[in-house]
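To start, the structure under review is shown below, and the notes come after it.
The values are calculated or read from the model by the stated rules, or taken from the named source; none is laboratory data. Everything quoted here is computed from the prediction, not taken from an experiment. Please note: Cβ atoms are built from the backbone with ideal geometry, for glycine as well, and neighbour counts cover all protein chains shown. Calculation scope for accessible area: heavy atoms of the full protein, side chains included, ligands and nucleic acids excluded. Shrake-Rupley method; radii C 1.70, N 1.55, O 1.52, S 1.80 Å.
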Amino acid sequence: QEQLAESGGGLVPPGSSLRLRCGRTSTPYVVGWFRQAPGKEREFVAAIKGSGGIANYADSVKGRFTITRDNAKDTVYLQMNSLTSEDTAVYYCARTTTWTDGTSWDASDFHSWGQGTQVTVSS
């Protein structure tokens, strides 16, 4: 399975915005974003169906983050607004054939993980 490829991370002050990209996503798959902060487990952030019409978000990012996809470019985006220090983590994207209603996404259902992109929110 081809690995996905994340990009777009960086160091930004609180209140800023960033847009992450996940490439090589392939249209039929559900694509999810997860993040892992130092000393913490990897946690679900957002996911989007293959058609792009339906998305789910973790409660901690709902209303601030938006996941979209451009299937013509095999790319999924994560627009992150109003960033806080709590959003600091390595962000990963991966894909799955399994859709989960709600927020109880299991990272073990995903494959083709990318290398991650670091997001640091600090003044």
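Can you tell me the dipole magnitude for the range 14-123 around its Cα centre, using point charges on the Cβ only (Lys, Arg +1; Asp, Glu -1), in Debye to the nearest 20?
360 debye
Return the whole-Å distance between the Cα centroid of the range 36-101 and the Cα centroid of the range 18-34.
Each part reduced to its Cα centre gives a spacing of 8 Å.
Take THR98 and ALA37, extend 7 Å from each Cα along the Cα→Cβ direction, and tell me the distance between the two endpoints in nm.
2.6 nm
Lys and Arg at +1, Asp and Glu at -1: add these up for the other residues within a Cβ distance under 15 Å of PHE65 and post the number.
Summing Lys and Arg as +1 and Asp and Glu as -1 gives +1.
Need the list of aspartates and glutamates near LYS73 for cross-linking: C-alpha distance under 18 angstrom, and skip anything on the same chain fewer than eight residues off.
Cα-Cα hits under 18 Å: GLU2, GLU6.
At most 15 other Cβ atoms within 10 Å and a DSSP loop assignment: could you name the chymotrypsin sites (Phe, Trp or Tyr not before Pro) in the range 43-94 that fit?
The qualifying sites: there are none.
Give the residue list of trypsin sites (Lys or Arg not before Pro) in the range 58-122 that are DSSP loop and have at most 13 other beta-carbon atoms within 10 angstrom. Write out the running numbers ahead of the final one.
Details: sites: LYS62, ARG64, ARG69, LYS73, ARG95; in loops: LYS62, ARG64.
The qualifying sites are LYS62.
If you count the DSSP beta bridges with both ends in the chain, what percent of them are antiparallel, to the nearest 5?
Among the beta bridges of the chain, antiparallel pairing accounts for roughly 90 percent.
Tally Lys and Arg at +1 and Asp and Glu at -1 over the other residues with C-beta under 12 Å from the C-beta of PHE110: what net charge comes out?
Taking every other residue near PHE110 into account, the sum is 0.
Given a 1.4 angstrom probe, what's the average accessible area per residue across the chain, in square angstrom? Don't skip to the end; give the middle numbers.
Values: 6050 Å² over 123 residues.
Ligands and nucleic acids excluded, the figure is 49 Å² per residue.
Which is the longest part of the chain that has none of the GluC sites (Glu not before Pro) sitting in a DSSP loop with at most 13 other Cβ atoms within 10 Å?
Counting at most 13 other Cβ atoms within 10 Å as exposed, the longest clean stretch of the chain is 42-123.
Excluding residues on the same chain fewer than 8 positions from LYS40, give the lysines whose Cα lies under 22 Å from its Cα.
LYS62
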